[in-house]
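The block underneath contains the structure these notes are about, expressed in structure tokens.
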Amino acid sequence: MIELLKKGNTSSGVAALGNTVLAVLKFFASAFSGSGTMFASAMHSLADAINQGFVYFGSSLAEMRPSKRFPAGFGRLVNIFCMIAVIVVSIMAYETILKGWKLLQHPEESTDFLLNALVLLAAFIIDGFILFKAMKEILHEARVERKGNIIAQAFKNVGKASPATRLVFYEDLVATSGAVLAFIGISLAQAGILAADGAITILIGLLMVFVAFRVGYDNMVGLIGVAAPVEIETKVAETILADTDTVDIHSLRVLQEGRSYHVEGIVELRKGMTLAEADDIKFRVKNRLLNEPEISDVTLGIIEDDGTASWSSSPKTV
């Protein structure tokens, strides 16, 4: 179990610890000041801490090796744990919106502005650090070389990251934005605009709904089974066709499962080979694919070249 935990998603583990600290600080500030906005922010941090703890544990279990009973491995476990996290976020979002609605109907004055401001500054720094770490993790998992603006690159490649990293990215994007919104809310309330406290609280709750929807959709697709991004499929095809004895790809399917990929395909080989020679080529190509860290399973069939170009992206079939 310790070895599995070491393989868990780093971003979610760090985020779970950071948000636990923030939730305690924010609930403390909310209790002393009576700020609804601070309460909403505290609920958000608590939801993030629970979610990311679930996801870290799920991403660790997903690293278990395939067994006789589960030959395809446990990659989709992380999707299941992410769906549990979505339920938690949804409940917290409901409670937050309900709190904001009550504050709109019955505005309350809040105190200890300086305490709230210091806690929100700490939240902005910690959540911002976690968000930056998640962005780096996205580029690492997408195997993208860092060039230029890391924020733009992270948004562009977030779909290629693992479910756990995507969840951390979306949640802490909202959390960092929420800290700014919460500061605006308590500042306006301090200036006498008490309705701002409830309005910002509702807005933070709606942002949590967005996270629940976005993460829920991504993981629902993952549980059903989704095709790998075009870039991954193209890379697999190029690796297969790089072998001097392969002529064409008759069919190819690359399925994403968690943060790994399963490859199934039928490769066309040049004519006139013996079965032994063809087998050697098949295993040679298979081993090349398995050397890629993101590919966990490869099933290849072999047939003789049929003289018809099947793989349109291949330079050999033009």
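The values are calculated or read from the model by the stated rules, or taken from the named source; none is laboratory data. The structure presented is a predicted model; accordingly, all values stated were derived computationally and were not measured. Glycine gets a Cβ as well: all are built from the backbone with ideal geometry, and neighbour counts include every protein chain shown.
Among the conditions (1) over 30 Å from Ser67 (Cα atoms); (2) in contact with a His (Cβ under 9 Å, 6 or more places away or on another chain); (3) buried (at least 17 other Cβ atoms within 10 Å of the Cβ), Ser296 misses just one, which is (1). Of everything listed in (1) within 29 Å of Gly225 (Cα to Cα); (2) part of a strand (DSSP E or B); (3) not basic (Lys, Arg), the single unmet condition for Phe283 is (2). Does any residue of the stretch 54-71 turn out to be more than 15 Å from the chain's Cα centre (by Cα), outside any helix (DSSP H, G or I) and buried (at least 24 other Cβ atoms within 10 Å of the Cβ)? No, the conditions are met nowhere in the stretch 54-71. Restricting the first member to the stretch 137-150 and to residues that are not assigned by TED's automatic domain parsing to the domain that holds Asn9, and the second to residues that are crowded, with 20+ Cβ neighbours inside 10 Å, no beta-carbon pair is closer than 6 Å while six or more apart or on different chains. Could we say that Phe124 is modelled with pLDDT of 85 or more, under 17 Å from Ala23 (Cβ atoms) and of a type outside the set (D, E, K, R) here? Spelling it out, Phe124 is indeed modelled with pLDDT of 85 or more, under 17 Å from Ala23 (Cβ atoms) and of a type outside the set (D, E, K, R). Just one of the listed residues (Gly178, Gly185, Gly198, Gly100) is touching a Pro at 6+ places or on another chain (Cβ under 9 Å), buried (at least 18 other Cβ atoms within 10 Å of the Cβ) and either within 30 Å of Tyr56 (Cα to Cα) or touching a residue at least 60 places away in the same chain (Cβ under 8 Å) (or both), namely Gly198.
Quick one: which of Val267, Val230 is crowded, with 23+ Cβ neighbours inside 10 Å and over 30 Å from Val119 (Cβ atoms)? Result: Val267 is the single residue among Val267, Val230 that is crowded, with 23+ Cβ neighbours inside 10 Å and over 30 Å from Val119 (Cβ atoms). Taken together, the criteria place Phe74 among residues that are crowded, with 18+ Cβ neighbours inside 10 Å and under 21 Å from the mean Cα position of the chain (by Cα). Does the stretch 77-89 contain any residue that is of a type outside the set (D, E, K, R), in a loop (DSSP other than H, G, I, E, B) and either in the same structural domain as Phe57 (by TED's automatic domain parsing) or over 29 Å from the mean Cα position of the chain (by Cα) (or both)? The answer is no, given that none of the residues of the stretch 77-89 is of a type outside the set (D, E, K, R), in a loop (DSSP other than H, G, I, E, B) and either in the same structural domain as Phe57 (by TED's automatic domain parsing) or over 29 Å from the mean Cα position of the chain (by Cα) (or both).
Here Ile193 meets each of (1) exposed (fewer than 14 other Cβ atoms within 10 Å of the Cβ); (2) not assigned by TED's automatic domain parsing to the domain that holds Val55 with one exception, condition (2). Within the stretch 242-272, restricting attention to residues that are within 20 Å of Ala309 (Cβ to Cβ) and not in a strand (DSSP E or B), the residue that is modelled with the lowest pLDDT is Gly272.
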